[in-house]
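Engineer: After the C-alpha cells below, expect a handful of questions from me.
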Amino acid sequence: MSIRKSFLLISLVVSSLATSCTTRYQDMLRERDERIRELSGNVAQLRGENEELQRRAAAPQPREASAKPESPSLIDDVQNDVGSDASVSYRRGRISIGVEDSVAFDSGSTVLKDGANRVLRNVASVLKSRFAGKRFYVEGHTDSDPISKTKDKFRDNRHLSTERADAVARYLIQQGVPESAVVVVGYGQHDPRDPKAKARNRRVEIVVGDGM
C-alpha cells in the first residue's frame, strides 16, 4: 500500500473516531441538560410544597381544636346552675347540657312537659349569662327503635329528634336566647351516648359552640 493511501485511510479512521466522539459528547450534553431540567422542576415543586406547609403552619388554628373549659370547675358551676334534671358534660371539645326525654317529653310527643319548663329556664339563664355571644346547637337524639305508634306523624327517628330539638330551641328563644344564635340539629339514633342503654340516648343536648 502506498504512503498516500495509508495516509488517507488513517485520516478516515481519525475523522470517524472524532465524529463518533463528538456525537457521544453531544448526547451526553443533551442528557445532562434534560437531567438539569428535571431536577429544576423537582426543586420548584418541593419549594412550592414547603411554602404551602409553612403557610398552613402559620395559619390560625380552629378554636374548637384548642377549646378548653375556662376553669376546672366550669362544668360543676354550670351543673349547679341548671340543676339536677340536666346533665353537663364536656364532649368533643365543647360544653354540652343534656336534657333526657323522660324530663322533657311524653312518649311519642314533641310538646314540652310542664316540668321541662323549669329546667329549660335555668338552661336559658346559663346560656345568656355565661355564654353570651356564643352559638348554641340544640341537638335532638333518639334510640334505635324504629317509629311505630307515631309513624303517621314522623317519617323516622331523625324527623322526631329534629322536632323535639326545635321545641326546645323555641322555648329557649322565648326565654331571651337570641334566635340568631340557635341552630337546630336532628341526629335521630346516629349519635348514641351509650349504645347499651337506650333510655340515655333519648335526649336533647344544648351544645355551646364558637362565637357568632
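Engineer: Provide a single number: the residues in region 181-212 that are surrounded by fewer than 16 Cβ atoms within 10 Å (Cβ to Cβ) and touching a Lys or Arg at 6+ places or on another chain (Cβ under 9 Å).
Structural biologist: Total meeting the criteria: 6.
Engineer: A further question follows. Among the residues in region 52-73, are any in a helix (DSSP H, G or I), under 25 Å from the mean Cα position of the chain (by Cα) and at pLDDT 85 or above?
Structural biologist: no
Engineer: Follow-up question, since we're still on this one. Tally time: how many residues in region 155-212 are more than 16 Å from ARG94 (Cβ to Cβ) and either at pLDDT below 95 or not hydrophobic (A, V, I, L, M, F, W, C) (or both)?
Structural biologist: Residues meeting the conditions: 32.
Engineer: The conditions are (1) at pLDDT 95 or above; (2) touching a Leu at 6+ places or on another chain (Cβ under 9 Å); (3) farther than 15 Å from ASP191 by Cα, and SER125 fails exactly one of them. Which is it?
Structural biologist: Of (1) at pLDDT 95 or above; (2) touching a Leu at 6+ places or on another chain (Cβ under 9 Å); (3) farther than 15 Å from ASP191 by Cα, only one is false for SER125: (2).
Engineer: Separate question: Can you pull out the residues in region 97-133 that are under 19 Å from ASP210 (Cβ atoms) and surrounded by fewer than 21 Cβ atoms within 10 Å (Cβ to Cβ)?
Structural biologist: If the condition is that a residue be under 19 Å from ASP210 (Cβ atoms) and surrounded by fewer than 21 Cβ atoms within 10 Å (Cβ to Cβ), then LYS128, SER129, ARG130, PHE131, ALA132, GLY133 are the ones that fit.
Engineer: If a residue has to be part of a strand (DSSP E or B) and in contact (Cβ under 8 Å) with a residue 40 or more places away in the chain to count, how many in region 77-98 make the cut?
Structural biologist: Adding up the residues that qualify gives 6.
Engineer: Answer yes or no as to whether ALA167 is closer than 18 Å to ALA199 by Cβ, in the same structural domain as ASP85 (by TED's automatic domain parsing) and surrounded by 15 or more Cβ atoms within 10 Å (Cβ to Cβ).
Structural biologist: In short, no.
Engineer: Inside region 100-151, can you point out the residues that are of a type in the set (A, V, I, L, M) and under 17 Å from VAL183 (Cβ atoms)?
Structural biologist: LEU120, VAL123, ALA124, LEU127, ALA132, VAL138
The values are calculated or read from the model by the stated rules, or taken from the named source; none is laboratory data. Model, not experiment: these values are computed from the prediction. Neighbour counts are summed over all protein chains in view; Cβ atoms, including those assigned to glycine, are modelled from backbone coordinates with ideal geometry.
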